[in-house]
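The values are calculated or read from the model by the stated rules, or taken from the named source; none is laboratory data. Since the structure is predicted, the reported quantities are computational estimates derived from the model, not experimental observations. So basically every Cβ, Gly included, is an ideal-geometry build from the backbone, and we count neighbours across all protein chains shown.
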Amino acid sequence: LTLLGLESSCDDTAAAVVRGAPGAAQVLASVVEGQTGLHKEFGGVVPEIAARAHAERLDVCVKEALARAGLGFDALDGIAVTAGPGLIGGVVSGVMCAKGLAAGTGLPLIGVNHLAGHALTPRLTDGAAFPYLMLLVSGGHCQFLIARGPEEFTRLGGTIDDAPGEAFDKTARLLGLAQPGGPSVEAEAEQGAARRFAFPRPLLDRPGCDMSFSGLKTALLRTRDGVIADKGGLTRQDRADMCAGFQAAVVDVLAEKTRRALAAYLAESPAQPMLAVAGGVAANQPIRAALQAVCAEAGAGFTAPPLALCTDNAAMIAYAGLERMALGKVDDMTLAARPRWPLDKSAAPMLGSGK
Ligand code: ATP
Ligand code: FE
C-alpha cells in the first residue's frame, strides 16, 4: 500500500508518502513546515494563526511530498489525515484538505488519531512487534501506553498537569534562555551541578505511573527569585546549576515511573519486550540514557525513533493510516475533526487512574 498523510493538529504543517505493509514500511517523502516564526511574538501557539497557515500551506506540502516521492495521485492507495486530537482549527484544515483530495481523486479517506501516529512510529522505524510499551513525552503529552494493535492501546498513566517539554520551555523562559527550552536547558545543565539546589520529585511517593511536572516550574521560580534576592542577579553558573537540578528531577521521575510501567508490562510476559520512546523530549541525552539503563536492568529492549519522526510529522500519520487500511478500515465524507480523542477509554484499573 502507498499512502499520502496529512498533519496539521498543532504548529507543524506536514505531508508525507509512505509505502509498504504493516511492520515493514518505508518513508518515501516527508515534508514538515514549522510555524515557530509565526507565533514567536505571542509566546505560544495562536490557534487562529495556526489554522490559517495550515489552510494556506497544506496543498503546497502535499505537492512537495508527491514531487519528492516522484509519484502522482494515481500511484496512491489512500489519503490519511490527522482527525484529532489537537487545535480544532488546524485539524479541520487538514480534514477538509484530505476530503477535497479524496473527492477529487476517488481515493479512500482514512482518519488517524495523532497519538496513534506517535505510538505506531516504532513499527515504521523498527518494525516493532506488538505488544510494546510506549512512552510519549513531548511539549503537549506525557503518557505510558501499551500498544497491542494498530487501534488497541492501554494507557498505564501519564502526567496529571504539564508535559515535561512544557516544563523545559518554562524553565528556559524563567532563566532567559532561548526557545525551544529543551535543548538550551540541556546544554546549560552540562555545565551545572545538579546538587546545589533541591528540586522536588513529584508523585514518586505514590503508587502507579502518573506524573506531575507543574510543581517543578514553581520550585524553579522560587529558587531563581531566592538567588536574585540574595545576590541581586543570576550568574551563568547559577543558571547552569538550576538547569542541572531541574533536569535531574525530570530524569529521576521519568526513570522511576518507567521502571513501574515496565514492571506492569513485563508482568504480561510479552514475547519481545521493548520500550519505545517518542516526542521531542526524547531528544534529551540524559533522559535517553536513564531510560536505556532502566530497560537494560529490566531485560527489555529500548528504541527511540530518529528525531524527525519523534516530533510531529506526517509520515507517522500516513503509516498509521496504512495500518488501518490493512485492517480494511476506511472513512467517508462524514469523517469528523475531533479536538479531544483519547487513545483508550479506560486507564488500567490495576494501576489506579491517579485522578
Ligand atoms: P505535541 O506533539 O505533543 O503536540 P509539541 O509539538 O510541543 O507537542 P514535540 O514537537 O514533540 O512536541 O516536542 C517539542 C518539545 O520537546 C518542546 O517542549 C521542547 O522543549 C522539547 N525538547 C526538544 N529537545 C529537547 C531536549 N534536548 N531536552 C528536553 N526537551 C526537549
Ligand atoms: Fe505530536
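The listed residues are 297, 323, and the only one of them that is within 17 Å of residue 254 (Cα to Cα) and not polar (S, T, N, Q) turns out to be 297. For the range 183-233, the set of residues classified as more than 16 Å from ligand 1 (Cβ to nearest atom), of a type in the set (A, V, I, L, M), modelled with pLDDT of 95 or more and surrounded by fewer than 16 Cβ atoms within 10 Å (Cβ to Cβ) consists of 193, 221, 228, 229, listed by residue number. Each residue in the range 321-355 was checked for being small (Gly, Ala, Ser), at pLDDT 95 or above and not in a loop (DSSP other than H, G, I, E, B), and 2 of them qualify.
Scanning the range 22-31 finds one or more residues that are modelled with pLDDT of 95 or more, assigned to a strand (DSSP E or B) and surrounded by fewer than 17 Cβ atoms within 10 Å (Cβ to Cβ). Checked against (1) crowded, with 24+ Cβ neighbours inside 10 Å; (2) modelled with pLDDT of 95 or more; (3) not in a helix (DSSP H, G or I), residue 246 passes all but a single condition, namely (3).
Look at the range 297-320: where a residue is aliphatic (A, V, I, L, M) and part of a loop (DSSP other than H, G, I, E, B) and a partner is within 12 Å of ligand 2 (Cβ to nearest atom) and modelled with pLDDT under 95, sitting 6+ places away or on another chain with Cβ atoms under 6 Å, you get 304/282. Restricting to the range 181-224, name every residue that is within 20 Å of residue 255 (Cβ to Cβ) and of a type in the set (Ser, Thr, Tyr). Correct list: 212, 214.
Output yes when any residue across the range 132-154 is more than 8 Å from ligand 1 (Cβ to nearest atom), more than 18 Å from the chain's Cα centre (by Cα), without any contact (Cβ under 8 Å) to a residue 40 or more places away in the chain and over 30 Å from residue 299 (Cα atoms), and no when none is. No: zero hits.
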